[in-house]
Amino acid sequence: MGKVKIKRKSTLIDMTAMSDVTVLLLTFFMLTSTFLQKEPTIVYTPSSVSEEKVPTNNLVTILISSSDKSGKLENAASVEGKLFISFTGDADSTFSSEKIRGMMLEEAVSIYNDQHKNAPVRLTNQQVAEFTKINMFGVPFSVLPEYLSMSITDRDKFQGDLTQPKVGIPIDGNKNREGRLNEFQIWLKAIYNVAQRINNEQCEGLDAEQRARVQNLYGALMRQGKGIAVKADKDTPFTVVELVFDNLQTMKLNKFSLMTALKSEDEPTQ
């Protein structure tokens, strides 16, 4: 009996449909993902078992630099404790990050100039516009005009050099709120004032949904403790972090979060 021949089928697979699905998925994830913003320095946050997420909107982040881990500096602790701040507004254009940053800058410069009438800070419209685009910054007020006039590349390079005395928002242990505020406290007061202004003034003429959004922004910053987050390295001494905590509490910002990395419950504490 003759051998039955099996009809050969083509091994060619039409990948057109799969390619279309891949492109659609890639586009979806690109449009819906939240990209990590560049920070002046890298810190490794301590571990905890808390699963509460830090919000991505309506957030003020205070970054505390760690000691040098590259081994290039003789005194590794010389760059420790430098402060940087970022402001993130709402996803809605009514209170976008750019608008919130502009309001914070205007208020902070006003407070600073009231305290330094002999050497006020003057910013051009272009410099103000540049500030609204910056995710995180950390320079004294006197350096702001020079800093905001730099190109993005030069700005990143300048701010990334923690050995520079002009890098980092000045802070001290001053607790006299009725007297002269240090520069970190000026930014904290600006945050408080802007949040109050948004809550008191911006609600006029808004519909119920927009009004709720405004009140959520104010509540996140002032009441819920979710709107201010402190980010520090796990190896940074507590005395360095405590100075920031003390300044927050001095300005009556008593509710804030400390950023941590999630760990399993059976993982040993670092």
Contour minus end-to-end for K166 and Y44, with contour as 0.36 nm per residue of separation and end-to-end as the Cα-Cα distance?
-> 41.5 nm
Neighbours of S70 by Cβ distance under 15 Å: Lys/Arg at +1, Asp/Glu at -1, summed charge -4
Using a cut-off of 10 Å between beta-carbons, work out the net charge of the residues near I171 (Lys and Arg +1, Asp and Glu -1, I171 not included).
-> -2
Taking a threshold of 22 Å on the Cα-Cα distance, which of the pairs K72/K234; K69/K189; K53/K157; K72/K133 fall above it?
-> K69/K189; K53/K157; K72/K133
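Bear in mind that the values in this text are calculations on the coordinates, not laboratory data. In this text, all values refer to a predicted model and were calculated from it rather than measured experimentally. Every residue, glycine among them, receives a Cβ derived from its backbone with ideal geometry; neighbour counts consider all protein chains shown.
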